[in-house]
Amino acid sequence: MSAATSISWTTSTWNTVTGCQEVSAGCDLCYAKTFAERWRGIPGHHFENGFDVTLRPERLDLPTRWKKPRRIFVNSMSDLFHKDVPDEFIAKTFAAMAATPRHTYQLLTKRHGRMRALLNNPDWRETIRDHALRYGVDLGTDGVWPLPNVHLGVSVEDQKAADLRIPALLATPAGVRWISAEPLLGPVDLLGTAEQPGPAVVRTCFEIRTDYGTGIEYDVDDQLGLDWVVAGGESGRGARPMDLHWARDLRDQCAVGGIPFFFKQLGTPLAKKLGAAGKGERLADIPEDLRIREMPEG
């Protein structure tokens, strides 16, 4: 698979795993599955096994050969935290990221529970350290945790997904936390109100300990929230239309919360309706007030 990508918020992809299974409505028209299944059964093809979960250990060292800094989307063709990916293999992937701090890694998952559990597990972090030594990196003295160059994200297609995945993300150690609201299949309230905070606002360490049992010691005055929001409509045959009001509401919430906002695309149905080409990715085809492509700090 090529490292190059047309995804507008990243520069390269790195797939140490391929294959996955659907877990929610956002998976229904998975582009990765559609692509991989085209080649199922073809002897010798990279996707001979279609979209079955397949480890690709030969790709673990690939970023070490990329000398210039890149933004790298991790496992665009899978989910690193899938149940069929061993803990140790995930640790090897993190060790490669730790060994290449010049790159920024953008990791996206729908398996929020496993991500939260692993990254809060000191024993698993020791496994990362052991594998990082292979690259000449001692995370005990040279590194920090969480890895500042690893941006952890969850997919949020609707309010149900937001309410499930965002609180788990906020209880996960990360240098940058982000969400991908693509495909955006319904309105999403991130912030809520002062009386009833939304899923993107965690008020106190007590809530974190009670809800998730992580034992992380945060200052009670900390306001933990999101660092980046990406939004866009669905593409492909049978794509479900996005309402521009949903995208604009997310944009406005990000403005209120001081969160960088990135609008990726209109999606196939809306692009067709507005006379835009393809998925409606060109800025010129996007309504002027949504031509926002901000990146997170860090």
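Values quoted throughout were computed directly from the atomic coordinates according to the rules given, and no laboratory measurement underlies them. Note that the structure is a prediction, hence the values are computed from the model and not measured. Virtual Cβ from ideal backbone geometry, glycine too; neighbours counted across all protein chains shown.
At a glance:
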{"quantity": "5 angstrom amide H check on Ser235, placed H, neighbours 5+ away", "calculated": "Thr268"}
{"quantity": "Estimated translational D of the chain in µm²/s (Stokes, Kirkwood radius over Cα pairs; 25 °C; 0.890 mPa s)", "calculated": "123 µm²/s"}
{"quantity": "Among 147-155, 230-238, 28-36, the order from most to least packed when residues are scored by Cβ within 10 Å on average", "calculated": "147-155, 230-238, 28-36"}
{"quantity": "FRET efficiency estimate (nearest 0.05) - Cβ-Cβ, Arg248 to Gln196, R0 22 angstrom", "calculated": "0.50"}
{"quantity": "Hz values of 3J(HN,Hα) by residue in segment 268-281 - Karplus curve (6.51, -1.76, 1.60), Gly and Pro given as x", "calculated": "4, x, 6, 4, 4, 4, 8, x, 8, 7, x, 8, x, 8"}
{"quantity": "The chain: calculated mean residue ellipticity at 222 nm from DSSP helix runs of at least 4, using -39500 (n - 2.57)", "calculated": "-7500 deg cm²/dmol"}
{"quantity": "³J(HN,Hα), Karplus 6.51/-1.76/1.60, whole Hz, each residue of segment 92-104, x for Gly, Pro", "calculated": "5, 5, 5, 5, 5, 5, 5, 7, 10, x, 5, 8, 10"}
{"quantity": "Inter-label distance for Thr34 and Met295, nm, one decimal - labels placed 7 Å from Cα along Cα-to-Cβ", "calculated": "2.8 nm"}
{"quantity": "From phi via Karplus (6.51, -1.76, 1.60), per-residue ³J(HN,Hα) for segment 150-158 in Hz, x at Gly/Pro", "calculated": "10, 9, 8, x, 10, 7, 9, 8, 7"}
{"quantity": "Sequence-distant residues sharing a close amide H with Arg56 (under 5 Å, placed H)", "calculated": "Val17, Thr18"}
{"quantity": "Ala25-Ser8 pseudo-label distance in nm [points 7 Å out on the Cα-to-Cβ vector]", "calculated": "2.4 nm"}
{"quantity": "Ranked packing of 286-295, 241-250, most packed first, by mean Cβ within 10 Å", "calculated": "241-250, 286-295"}
{"quantity": "Label point distance in nm, Ile42-Val256, each placed 7 Å from Cα along Cα→Cβ", "calculated": "4.9 nm"}
{"quantity": "Protection-proxy order for peptides 191-200, 164-173, each taking the mean of Cβ atoms within 10 Å per residue, highest first", "calculated": "164-173, 191-200"}
{"quantity": "Farthest positive-ward along the chain dipole, Cα basis, beta-carbon charges - from Ala32, Gly238, Phe47", "calculated": "Phe47"}
{"quantity": "Max mean-square fluctuation residue, GNM over the chain, Cα-Cα springs under 10 Å, options His112, His45, His82", "calculated": "His45"}
{"quantity": "Amide hydrogen neighbours beyond the local backbone of Arg293, cut-off 5 Å, H modeled", "calculated": "Phe263"}
